[in-house]
Amino acid sequence: MSVETKNVTISIEKAKISKIDQVDFDNLKFGSVYTDHMLVCDYRNGAWQAPKIMPYQSIALDPSAKVFHYGQAIFEGMKAYKDDKGDIFLFRPLENQKRLNISAKRLAIPELPEDIFMEGLTTLLQLDSDFIPTQEGSSLYIRPFMFASGNGFHASPADEYKFIIACAPSGSYFSGKVKVLIEQTYSRSANGGVGFAKAGGNYAGQFYPTQLAIEKGYNQVIWTDDTEHEFIEEAGAMNIFVRINDTLITGPTSDRILDGITRKSILEIAKDHNIPTEVRKITVTEVVNAAKDGSLKEMFGAGTAAVISPIAAFGYKGTDYDLPELENSYATKLKKLITDIQYNKSEDKYGWRYKVNI
Ligand SMILES: *Cc1c(COP(=O)(O)O)cnc(C)c1O
């Protein structure tokens, strides 16, 4: 069977047996069970081929596939939400599509046409729509990714690639506030590097410093700039916001700071709710001083997976600084405002919600 969408013909092989009965929707973890189908699109002979939807399955690769040796791999993270009428929505999906290609370009991976991404994704969601959970805070986590499947030990871009979309019904990313360590030795990114891209290797490079932080009793690392470790840049794999008095501050995007969709949505929503915002560099010194004099009210991470992840305390050069428990935190307020738009619980004056027809 195949479907012809507006611009793309997608062949479909349906799963013979659905796995849906094995999914415990009331106890979902994050991204660890998968839907019945996946979308696969191959790049070969200099062109992206017709996409295929097939049963979720393992893929075979040659041991010399360049992804294993040179890490030519990128990904995206997005979610599908179901409202109480059963309607399905994405949140600013074209931003993910554009960013995938920004990452692709930096890693010398051929860019993927928008219609393959969008029509492939919506067709996949139509097939697997029963997997989109409706429990509070749950959603279908969507993982589009691209990697070098072409062979050869030569250190150069591959001649073949795969674009895949896999989906996982997921509960909320994590609950509870985190304790973070302001990193003074390692960096996740550098000027001229690939920190702005969702390149797989960026995350592999974070694992070891994060393990060290966990051994010291922290949950996560706050990344600082690679030269002086004096500017606050990201919170793990999330953008970071700092509230000093009533002003909400986040760093400007750059080679080193990823242009998060949650980050820019929060900035717009905050402005519309009369929260003073600043986009500027944040120094470690000012955050430490603000923690000492009580003007540091909140810190939180922002990203698709966790939406907003409040920070309870941070460690810096051997001292821990606790953040206050606030009655009316920006984190709580902004999380509700953004998730209400995502789950179709409030008006979306921005046009961010994208309805998937089923
Ligand atoms: C994906 C990501 C973010 C958040 O981006 P969203 O579009 O909001 O999900 C922030 N920082 C890093 C390093 C990321 O990889």
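The values are calculated or read from the model by the stated rules, or taken from the named source; none is laboratory data. Owing to the predicted nature of the structure, the values given are computational and were not obtained by experimental measurement. With ideal geometry, Cβ positions are generated from the backbone for all residues, glycine too; neighbour counts draw on all protein chains shown.
Going through (1) closer than 30 Å to Ala237 by Cα; (2) buried (at least 17 other Cβ atoms within 10 Å of the Cβ) one by one, Val8 falls short only on (1).
Table: residues versus (1) closer than 21 Å to Ala213 by Cα; (2) assigned by TED's automatic domain parsing to the domain that holds Ser139; (3) out of contact with any helix residue (DSSP H, G or I) (no Cβ under 9 Å at 6 or more places or on another chain).
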{"position": "Asn274", "(1), (2), (3)": "no, no, yes"}
{"position": "Ala291", "(1), (2), (3)": "yes, no, yes"}
{"position": "Gly315", "(1), (2), (3)": "yes, no, no"}
{"position": "Asp348", "(1), (2), (3)": "no, no, no"}
{"position": "Asn357", "(1), (2), (3)": "no, no, no"}
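The lone criterion from (1) closer than 18 Å to Glu268 by Cα; (2) in a helix (DSSP H, G or I); (3) among the polar types (S, T, N, Q) left unmet by Ser346 is number (2). Number of residues in the stretch 169-193 that are modelled with pLDDT under 95 and at positive phi equals 1. Checked against (1) at pLDDT 95 or above; (2) in contact with a helix residue (DSSP H, G or I) (Cβ under 9 Å, 6 or more places away or on another chain); (3) not acidic (Asp, Glu), Met54 passes all but a single condition, namely (2). So, Ser129, is that one within 14 Å of the ligand (Cβ to nearest atom), hydroxyl-bearing (Ser, Thr, Tyr) and surrounded by 16 or more Cβ atoms within 10 Å (Cβ to Cβ) or not? For Ser129, the condition - within 14 Å of the ligand (Cβ to nearest atom), hydroxyl-bearing (Ser, Thr, Tyr) and surrounded by 16 or more Cβ atoms within 10 Å (Cβ to Cβ) - is not met.
Conditions (1) in contact (Cβ under 8 Å) with a residue 24 or more places away in the chain; (2) under 27 Å from Lys345 (Cβ atoms), marked per residue:
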site	(1), (2)
Glu4	no, no
Gln22	no, no
Asp26	yes, yes
Phe30	yes, yes
Val33	yes, yes
Leu39	yes, no
Ser64	yes, no
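Scanning the stretch 34-72 for residues that are more than 26 Å from Asn101 (Cβ to Cβ), surrounded by fewer than 18 Cβ atoms within 10 Å (Cβ to Cβ) and within 24 Å of the chain's Cα centre (by Cα) turns up Gln57, Ser58.
In the stretch 342-358, the residues that are modelled with pLDDT under 95 reach residues that are not β-branched (Val, Ile, Thr) with C-beta atoms within less than 6 angstrom, at least six apart or across chains, in these pairs: Ile358/Gln126; Ile358/Ser129. Using the structure shown, decide if Lys264 is more than 19 Å from Ser187 (Cβ to Cβ) and out of contact with any Cys (no Cβ under 6 Å at 6 or more places or on another chain). Spelling it out, Lys264 is indeed more than 19 Å from Ser187 (Cβ to Cβ) and out of contact with any Cys (no Cβ under 6 Å at 6 or more places or on another chain). Among the residues in the stretch 190-207, are any of a type in the set (Ser, Thr, Tyr) and either more than 14 Å from the ligand (Cβ to nearest atom) or free of Cβ contacts under 8 Å to residues at least 24 places away in the same chain (or both)? Taking every residue of the stretch 190-207 in turn, none turns out to be of a type in the set (Ser, Thr, Tyr) and either more than 14 Å from the ligand (Cβ to nearest atom) or free of Cβ contacts under 8 Å to residues at least 24 places away in the same chain (or both).
To keep it simple, each residue is scored yes or no on (1) outside the structural domain of Pro55 (by TED's automatic domain parsing); (2) under 23 Å from Lys335 (Cα atoms).
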| position | (1), (2) |
| --- | --- |
| Lys162 | no, no |
| Ala190 | yes, no |
| Val194 | yes, no |
| Tyr208 | yes, no |
| Tyr218 | yes, no |
| His229 | yes, no |
| Ile240 | yes, yes |
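The number of residues in the stretch 300-310 being part of a strand (DSSP E or B) and either out of contact with any Leu (no Cβ under 8 Å at 6 or more places or on another chain) or more than 15 Å from the ligand (Cβ to nearest atom) (or both) comes to 7. The set of residues in the stretch 13-33 that are more than 15 Å from Asp128 (Cα to Cα) and either of a type in the set (S, T, N, Q) or surrounded by fewer than 17 Cβ atoms within 10 Å (Cβ to Cβ) (or both) comprises Asp24, Asp26, Asn27, Lys29, Phe30, Ser32.
So which pairs qualify, if the first residue must be in the stretch 318-331 and free of Cβ contacts under 8 Å to residues at least 12 places away in the same chain and outside the structural domain of Gln184 (by TED's automatic domain parsing), the second must be surrounded by 11 or more Cβ atoms within 10 Å (Cβ to Cβ) and not in a strand (DSSP E or B), the Cβ gap must be under 8 Å, and the two must be at least 6 apart or on different chains? Correct list of pairs: empty, since none qualify.
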